[in-house]
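Here, each number is a calculation from the coordinates, and none is a lab measurement. Because the structure is predicted, anything quoted here is derived from the model rather than measured. So basically every Cβ, Gly included, is an ideal-geometry build from the backbone, and we count neighbours across all protein chains shown.
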Amino acid sequence: MPHIRNVFNKRLQEVLKDHKIRDNKNQSNNFIMARLKAQIYSHCIRVMMYVFVLTFLSGIIWYLLINHYFQVFDSNDTNFIRKYDLQKKSSLDQSIAAMYFTFTTLSSTGLGDLTP
């Protein structure tokens with residue numbers, strides 16, 4: 001909130017100094033609102049990027065742990081790697097599947113062992 005107040009105060013000082021802007025109050029308000037909207041949009045984009053990166057990293061870690069576990073213990077249990085035959089697919093397909101599985105699992109109830 002203090003940041004928004006500082007933006008408004010700074011803009012108000014600019015408006016009071018410039019006679020053209022001071023007389024046109026609609027232009028001044030529109031400029032302030034446009035700036036606030038731009039800040040809100042940039043904040044939303046930043047949050048989405050954080051979620052994407054965290055989902056990517058946790059998906060890759062999850063994939064590596066499960067793949068290593070089933071190779072070391074040679075278990076015949078079914079997991080999402082074997083069910084969707086991800087070991088034979090490209091790295092991009094593996095990454096996308098791991099991200100999808102991680103995001104769906106973490107954003108829903110339960111662990112979704114085979115299918116999210």
Legend entry - Phe56 paired with Gln13, simple spin-label distance in nm, labels 7 Å along Cα-to-beta-carbon: 4.0 nm
Inset, instruction - Taking 7 Å along the Cα-to-C-beta vector as the label spot, tell me the Ser95-Asn29 distance in nanometres, rounded to one decimal. - result: 4.8 nm
